[in-house]
Every structure is written in C-alpha cells, then in structure tokens.
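Novice: The following block contains the structure, expressed as structure tokens.
The values are calculated or read from the model by the stated rules, or taken from the named source; none is laboratory data. From a predicted model like this one, the values you see are computed outputs, not experimental measurements. Using ideal geometry, Cβ is built from the backbone for each residue, glycine included, and neighbour counts are taken over all protein chains shown. When the accessible area is computed, the model is the full protein with side chains, heavy atoms only, and any ligands, DNA or RNA have been set aside. Shrake-Rupley method; radii C 1.70, N 1.55, O 1.52, S 1.80 Å.
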Amino acid sequence: MKKYLVGADEVGRGCLFGPVIAAAVILGSYSNSELKDSKKLSEKKRIMLSNDIKKNATKICIGEASVKEIDSLNIKEASLLAMKRAILGLKVTNIEVIVDGIDIPKINYPCKAIIKADNKISEVMAASIIAKVHRDNLMVALSKHYPDFSLEKNKGYPTKEHLNILKSQGPTEYHRNSFKPVLDAR
C-alpha cells in the first residue's frame, strides 16, 4: 500500500489572543515552486497559494487548540494537540508525517520532527501557508467583535499597539491568561 507524506505545522504560538492553529497537508501529485514558509511570503501571495493548495492538494485538515487548552496545558502541548487533531482529521491511515520543529505530536504513525521543515519540505510549507491564512482569517473575523484590539492588523501578536490596548482595556475571553503580558494586564 502506498504511503502518503503528511506535512504538519502550526501558527500562533507567540500570540496573546486566540487559538493555536495547525494544518496537515497531503500534497499528492500537486507541486508548486512558489511554496515557502508562510512567514517568508506576502499576505497576498499566501492567500493565492492557500487557494491553490486547497484546490489541488490530495487532502487538507485544520486542527485547533483553544485558549482554555493553551492555558491549561501550556503552549507547546497545545500546539502539539492542534497538530494531532489536524493529522487525525485527515482520516488517512497509510501515512508518514513530518512536522516543523523539534517535538512530535502523540500519534500512532511514523512521525519525524525537522527543524526548519517549513523551509525544506513542500508538504510542511503548504501546511504552514494553510494554517497561517486560516488563523489570519479567524483574527479578522474576531476583530469585528473586538474592534479596539486591531486584530485585523496585529493578528493577536504582542505588538506595541496590542500591548497598550491590553493594558488600558484589560483582557478579553480570547486572551491567553497563562501569558505574562495578559496576566500583567489583569
């Protein structure tokens, strides 16, 4: 039986606001020389590539770990949980998984962590792009409910503006209480 290569990556570890998001991608026969780590692409290019990957990849799944899970587990464990959910959500068993970083999620499939895999392995690059665009879209949607926090611009990261607003208004239900800047703003 043919094994599929799954790339998995997460985004949002350093954010103060919102869930951590992971994507798992099986590219299959799809390839694109423009794939890169999502951090090295413009927003416009990420969106274009995300749409192309969604249309042409063999299988894609998004996994998420909530703010409550981040606060109760810690950000590393929550990131691994989001990756596990994305990988298992593919509902494909004949897989080998490569994740970006140094830790692997608790799954019963062959899995290897590679530092900077999002710069080296097309499937992980694709997962990076899918996860980033998904999370950015979520932050834009949440910015309508929390307009004072400029989430459409800072995407929940601890920018100077976000930190100043956090200090003046206090945290929302979507802020990560286990993160020091949020704790300090209580």
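Novice: Looking only at the stretch 64-110, count every residue that is more than 30 Å from PRO171 (Cα to Cα), hydrophobic (A, V, I, L, M, F, W, C), touching a helix residue (DSSP H, G or I) at 6+ places or on another chain (Cβ under 8 Å) and touching a residue at least 24 places away in the same chain (Cβ under 8 Å) and tell me the total.
Specialist: Number satisfying all stated conditions: 5.
Novice: Any residue that is touching a strand residue (DSSP E or B) at 6+ places or on another chain (Cβ under 8 Å), within 19 Å of LEU41 (Cβ to Cβ), in contact (Cβ under 8 Å) with a residue 12 or more places away in the chain and buried (at least 19 other Cβ atoms within 10 Å of the Cβ) - is there at least one of those in the stretch 139-150?
Specialist: Checked the stretch 139-150: at least one residue is touching a strand residue (DSSP E or B) at 6+ places or on another chain (Cβ under 8 Å), within 19 Å of LEU41 (Cβ to Cβ), in contact (Cβ under 8 Å) with a residue 12 or more places away in the chain and buried (at least 19 other Cβ atoms within 10 Å of the Cβ).
Novice: Across the stretch 20-50, what is the number of residues that are open to solvent by less than 10 Å² (accessible area, probe 1.4 Å) and either modelled with pLDDT of 95 or more or over 16 Å from VAL133 (Cα atoms) (or both)?
Specialist: The qualifying residues number 10.
Novice: Of the conditions (1) surrounded by 15 or more Cβ atoms within 10 Å (Cβ to Cβ); (2) under 27 Å from GLU96 (Cβ atoms), SER66 satisfies every one except a single condition; which number is it?
Specialist: (2)
Novice: While we're looking at this one, here's another question. Return the only residue of TYR109, TYR157 being modelled with pLDDT of 95 or more, surrounded by fewer than 21 Cβ atoms within 10 Å (Cβ to Cβ) and under 17 Å from the mean Cα position of the chain (by Cα).
Specialist: On inspection, the qualifying residue turns out to be TYR157.
Novice: Restricting attention to the stretch 129-159, report how many residues are of a type in the set (A, V, I, L, M, F, W, C), under 19 Å from PHE179 (Cβ atoms) and in contact with a Leu (Cβ under 6 Å, 6 or more places away or on another chain).
Specialist: Of the residues in that region, 3 qualify.
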